[in-house]
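This report refers to the structure that appears directly beneath it.
The values are calculated or read from the model by the stated rules, or taken from the named source; none is laboratory data. Small disclaimer: the values here were computed from a predicted structure and weren't measured. Every residue, glycine among them, receives a Cβ derived from its backbone with ideal geometry; neighbour counts consider all protein chains shown. With ligands, DNA and RNA removed, areas are computed over all heavy atoms of the protein, side chains included. Shrake-Rupley method; radii C 1.70, N 1.55, O 1.52, S 1.80 Å.
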Amino acid sequence: MRSRQAAALLTVAALALSGSACGVKSSKKDEPAATGAAAEAAKPLDPNTKVTISVGCQPPKTAKEFRADWDADVLAFQAKYPNITIDSKDAFPCIVPETFQAKLAGGQMEDVYYVYYTDAQSIIKNKQAADITDYVAGVQNVKDVNPLFLQTLQDEGGRLYGLPRKAYTMGLVYNRKLFSQAGLNPDTPPTTWAEVREAAKKIAALGDGVVGYGEYSAANTGGWHFTSLLYGQGGSVVSEDGKTAAFNTPEARNVLQLLKDMRWTDNSMGTKQGHRWEDLMRLLGSGKLGMMVGAPDVVTEAFNNFGAKSDELGTTSLPEAKSSLLGGDGYMINPKATPDQIKAAVLWLSFHELTVGEGQFNHARNKASNRPVGIPENILWGDNESGKKEKELRQQYSTVPPGNFAAYETGSAVIPPKTEPPNAQAVYAILDSVMSAVLTRKDANIDELLTEAEKKVNALLARTK
């Protein structure tokens, strides 16, 4: 994708990686010992070698169309590589934070398993993923990926342990229909948090179970959104060296006070709290949610799985943001996988996740299936052939009004992206309690909540150095 936002990200990536052109680099101290293995890994998979790999995150049976697409892609891939068998494993959601680590530690993961960027570094440190650096050395699709997203799946020496599937920065998702019903102009979404607050009050005043602004506070999603809002204020969750908490600050107090005021003074956030990821998706899908923090892929998700009408939704950049949380997901490969299984996995991921016009980027099929096409939901590519081609196809098969997302592309282009903190999921779990307290207790003491969370995060970071 070649949007101004992607260009800004690529610039940041180039600075962050100090000139690493393709983003996949070899650790010099490992090169002599790895020469033989690297040469073997670079060899193509022998077409006479039969290989089976289990792959996670197949759409569930309840998502009939998407499961059918997945199965069709598997058949197309296996027609191209008849010696490879894909053993698909379905689950929804693809990750349950409460059980993910236990499943990983117990060796129960698929050969090719789905991950959030936030888990990647701990997985690498715990040696729970295969080093695939030498296996992708000649894969052009991988070289075209924005280096910043490859970096999230690399160790400190630049060795690569996974391939990205999605990449995003946060913005504000809003219901254009509810804006109009509340007397607001959907073509001029809020640009300040004061405007968000006022809009939320007007939308909530519509009644009939409508929530003006929704927020998370459970299953690690509360900490994730707290981080997003804090980044927007210019704050940080941890210190630059990653050793101590850095969120007990005026910026964090501003975030929490705003939410507390919207919840208890304005009554614009609804009485039901403790929301986890799918809860706000359901509200959005039912047309009962006015606004939420999220990336543009929220619109696609709400349409695909929760009944939303994509032409009624829009996105804009995060209000008053000094930076925006950069996130996404991808796949890693089980360290128990054989070299042939790793080669087969790289072929599958290159085909299904990183080939423009195929798999997740099959925009023609999505349009034919009456799905939203044209939403700038995946900023995976750099300024290269893949990025240009993806944008061309997205525009060619567009099914949504481009103006609904113009404010996001324009505004986000000038907001610096900021990566998630180390040990993110564990940190988010601690910060969930802060968000939950503010949204469920009218007398919640923000200073006390931040101080207590700070102690817990410092202890966590000390244990995981």
The correct count of residues that are under 22 Å from the mean Cα position of the chain (by Cα) and either among the acidic types (D, E) or closer than 16 Å to E454 by Cβ (or both) in the stretch 223-239 is 8
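Residues are listed down the side, and each one gets a yes or a no for (1) under 30 Å from D279 (Cβ atoms); (2) open to solvent by less than 10 Å² (accessible area, probe 1.4 Å); (3) among the polar types (S, T, N, Q); (4) in a loop (DSSP other than H, G, I, E, B):
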position	(1), (2), (3), (4)
T62	yes, no, yes, yes
R67	yes, no, no, no
F77	no, yes, no, no
T85	no, no, yes, no
S88	yes, no, yes, no
P93	yes, no, no, yes
A102	yes, no, no, no
Y113	yes, yes, no, no
Return the residues of the stretch 295-341 that are open to solvent by 40 Å² or more (accessible area, probe 1.4 Å) and β-branched (V, I, T); say none if nothing qualifies.
T338
Does the stretch 202-247 hold any residues that are of a type in the set (A, V, I, L, M), within 15 Å of N175 (Cβ to Cβ) and assigned to a strand (DSSP E or B), and which are they?
V211
Being at pLDDT 90 or above, of a type in the set (A, V, I, L, M, F, W, C) and either within 21 Å of P422 (Cα to Cα) or in contact with a Pro (Cβ under 9 Å, 6 or more places away or on another chain) (or both), is that true of even one residue in the stretch 109-116?
yes
For the stretch 182-195, what are the residues that are assigned to a loop (DSSP other than H, G, I, E, B) and without any contact (Cβ under 8 Å) to a residue 60 or more places away in the chain?
G183, L184, N185, T188
Subset of the stretch 357-397 that is modelled with pLDDT of 95 or more and part of a loop (DSSP other than H, G, I, E, B) - its residue that is surrounded by the fewest Cβ atoms within 10 Å (Cβ to Cβ)
G357
Report, ordered by the first and then the second residue, all pairs with beta carbons closer than 7 Å, sequence separation of six or more or different chains, a first member in the stretch 419-444 that is closer than 18 Å to M170 by Cα, and a second member that is open to solvent by 40 Å² or more (accessible area, probe 1.4 Å) and of a type outside the set (S, T, N, Q).
Q425/P97; Y428/W224
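For (1) surrounded by 24 or more Cβ atoms within 10 Å (Cβ to Cβ); (2) more than 15 Å from the chain's Cα centre (by Cα); (3) hydrophobic (A, V, I, L, M, F, W, C); (4) not in a loop (DSSP other than H, G, I, E, B), each residue gets a yes or a no:
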{"site": "A130", "(1), (2), (3), (4)": "no, yes, yes, no"}
{"site": "G138", "(1), (2), (3), (4)": "no, yes, no, no"}
{"site": "V142", "(1), (2), (3), (4)": "no, yes, yes, yes"}
{"site": "L150", "(1), (2), (3), (4)": "yes, no, yes, yes"}
{"site": "L163", "(1), (2), (3), (4)": "yes, no, yes, yes"}
{"site": "K166", "(1), (2), (3), (4)": "no, no, no, yes"}
{"site": "S180", "(1), (2), (3), (4)": "no, yes, no, yes"}
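Consider V55 carefully, then state whether it is assigned to a loop (DSSP other than H, G, I, E, B), within 17 Å of S350 (Cβ to Cβ) and of a type in the set (V, I, T).
On the way: assigned to a loop (DSSP other than H, G, I, E, B): no; within 17 Å of S350 (Cβ to Cβ): yes; of a type in the set (V, I, T): yes.
Criteria not met by V55.
Just checking, how many residues over the stretch 103-122 are aliphatic (A, V, I, L, M) and over 17 Å from the mean Cα position of the chain (by Cα)?
Adding up the residues that qualify gives 4.
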Restricting attention to the stretch 250-261, which residues are touching a residue at least 24 places away in the same chain (Cβ under 8 Å) and either surrounded by fewer than 17 Cβ atoms within 10 Å (Cβ to Cβ) or within 25 Å of S412 (Cα to Cα) (or both)?
A252, R253, V255, L256, Q257, L258, L259, D261
Checking T221 against (1) at pLDDT 95 or above; (2) surrounded by fewer than 24 Cβ atoms within 10 Å (Cβ to Cβ); (3) in contact with a strand residue (DSSP E or B) (Cβ under 9 Å, 6 or more places away or on another chain); (4) within 30 Å of L349 (Cα to Cα): exactly one of these is not met. Which one?
(3)
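Filter the stretch 262-289 down to the residues that are of a type in the set (A, V, I, L, M) and open to solvent by less than 30 Å² (accessible area, probe 1.4 Å), then identify the one that is farthest from the chain's Cα centre (by Cα).
Going residue by residue through the stretch 262-289, those that are of a type in the set (A, V, I, L, M) are 262, 269, 280-281, 283-284, 289.
This time we only want the ones that are open to solvent by less than 30 Å² (accessible area, probe 1.4 Å), so: 262, 269, 280-281, 284, 289.
On the way: M262: 26, M269: 24, L280: 16, M281: 15, L284: 18, L289: 21 Å.
Top of the filtered list is M262.
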Looking at this structure, is T192 within 23 Å of D297 (Cα to Cα) and surrounded by fewer than 18 Cβ atoms within 10 Å (Cβ to Cβ)?
yes
Sort out which residues of the stretch 344-383 are in contact with a Ser or Thr (Cβ under 9 Å, 6 or more places away or on another chain) and among the charged types (D, E, K, R), and write them in order of number.
K367, R371, E377
